[in-house]
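Structure record follows, encoded as structure tokens.
The values are calculated or read from the model by the stated rules, or taken from the named source; none is laboratory data. The structure displayed is predicted, hence computed values, not measured ones. Here the Cβ positions follow ideal geometry from the backbone for every residue, glycine too, while neighbour counts run over all protein chains shown. With ligands, DNA and RNA removed, areas are computed over all heavy atoms of the protein, side chains included. Shrake-Rupley method; radii C 1.70, N 1.55, O 1.52, S 1.80 Å.
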Amino acid sequence: MAGRLDGRTALVTGSTSGIGRVIATAYAAEGAYVIVTGRRVDEGGKRVAEIAEAGGRATFVPADLRDGEGVAALARTALAATDGRIDILVNNAAALVGGRASTETDERMIDRVLATNVKAPLLLASALVPPMLDRGEGVIVNVGSINGMIGMNGAALYGASKAALHSLTKSWSAEWGRRGVRVNTVAPGPTETEWNEGLRDQLKRLVDTSPSGRLSGAAEVAAVAVFLASGDASHLHGVTIPVDGGMTAVRGFI
């Protein structure tokens, strides 16, 4: 049976672990050729092997998105590996500083978070979108966060960076939608990943009053990311879809 992303090439940043890993796997299962990226070569190799064992196609490109030259090198290598055609860009990689008051935030933290969460997506779009515009088609899926939609204690810097990414989704849609490039965001709430193993009890308290009463599953986030990249979402432009069990819909604040 044909996959929804057959014949497409996708670059998924931060895809050696967490939500990005699951998105990359889901894209490959839907027929896409996936560029897996991250800083850890050993984990990248494992992800490519997992995808291959499941019958998918992928390659690993190491990248440090905190550095502008690292972002440029990733774009060059990804384009070279796909004959100049990246059909889908998933801006998933993120730096997180949580549980820290704004008055305790220093310049180094600010630079690290904004470089990964805002600057890298801008630079990647600058490199990868022009060929999409030339072809008259392409997709960007930004992985935002409900932290960018509501205020959360101890997460001002991270929330501000994700709000910026949500804003880029709207602005890019205004710039490129008429030229065939769709841009949308999936915004996870607290999610079951290896990143959050040590925070399970704390995160559970956050969702106790949500309609679902549980954490999001990474596969549930990936399912929305697949939908947004596919032709099923052909008339969606500039939207942010929260995958949070209804948390933002019924609470408004945490």
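Filter the range 213-251 down to residues that are closer than 27 Å to residue 138 by Cβ, crowded, with 16+ Cβ neighbours inside 10 Å and among the acidic types (Asp, Glu), then give me how many there are.
Qualifying residue count for the region: 1.
For the range 128-140, check the following and say yes or no: at least one residue is more than 14 Å from the chain's Cα centre (by Cα) and under 11 Å from residue 71 (Cβ atoms).
yes
Scan the range 130-169 residue by residue and report those that are assigned to a loop (DSSP other than H, G, I, E, B) and small (Gly, Ala, Ser). Spell out the reasoning first.
So the first thing to find is which residues in the range 130-169 are assigned to a loop (DSSP other than H, G, I, E, B), and the list is 136-137, 144-145, 149-155.
Within the range 130-169, 136, 144, 145, 151, 154, 155 qualify.
Could you figure out which of (1) closer than 21 Å to residue 144 by Cβ; (2) under 19 Å from the mean Cα position of the chain (by Cα) isn't true of residue 62?
Going through the list (1) closer than 21 Å to residue 144 by Cβ; (2) under 19 Å from the mean Cα position of the chain (by Cα), residue 62 breaks only (1).
Can you tell me which of 75, 115, 120, 127 is touching a Lys or Arg at 6+ places or on another chain (Cβ under 6 Å), among the small types (Gly, Ala, Ser) and assigned to a helix (DSSP H, G or I)?
Result: 115 is the single residue among 75, 115, 120, 127 that is touching a Lys or Arg at 6+ places or on another chain (Cβ under 6 Å), among the small types (Gly, Ala, Ser) and assigned to a helix (DSSP H, G or I).
List the number of the failed condition for residue 45; all other conditions in (1) more than 19 Å from residue 117 (Cα to Cα); (2) buried (at least 16 other Cβ atoms within 10 Å of the Cβ) hold.
(2)
Only one of (1) in a strand (DSSP E or B); (2) over 24 Å from residue 22 (Cβ atoms) is not met by residue 89, so which one is it?
Looking at each condition in turn, residue 89 falls short on (2).
Could you grab me the full set of residues in the range 80-103 that are open to solvent by less than 40 Å² (accessible area, probe 1.4 Å) and either at negative phi or in contact with a Lys or Arg (Cβ under 8 Å, 6 or more places away or on another chain) (or both)?
82, 86, 87, 88, 89, 90, 91, 92, 93, 94, 95, 97
Could you tell me whether the range 32-39 includes any residue that is within 18 Å of residue 125 (Cα to Cα) and without any contact (Cβ under 8 Å) to a residue 40 or more places away in the chain?
yes
Going residue by residue through the range 128-143, is there one that turns out to be closer than 19 Å to residue 92 by Cβ, open to solvent by 20 Å² or more (accessible area, probe 1.4 Å) and not acidic (Asp, Glu)? Before you say what the answer is, go through the steps one by one.
Start the filter on the range 128-143 by keeping residues that are closer than 19 Å to residue 92 by Cβ, which leaves 128-129, 132, 138-143.
When the remaining residues are screened for being open to solvent by 20 Å² or more (accessible area, probe 1.4 Å), the result is none.
No, every residue in the range 128-143 fails to be closer than 19 Å to residue 92 by Cβ, open to solvent by 20 Å² or more (accessible area, probe 1.4 Å) and not acidic (Asp, Glu).
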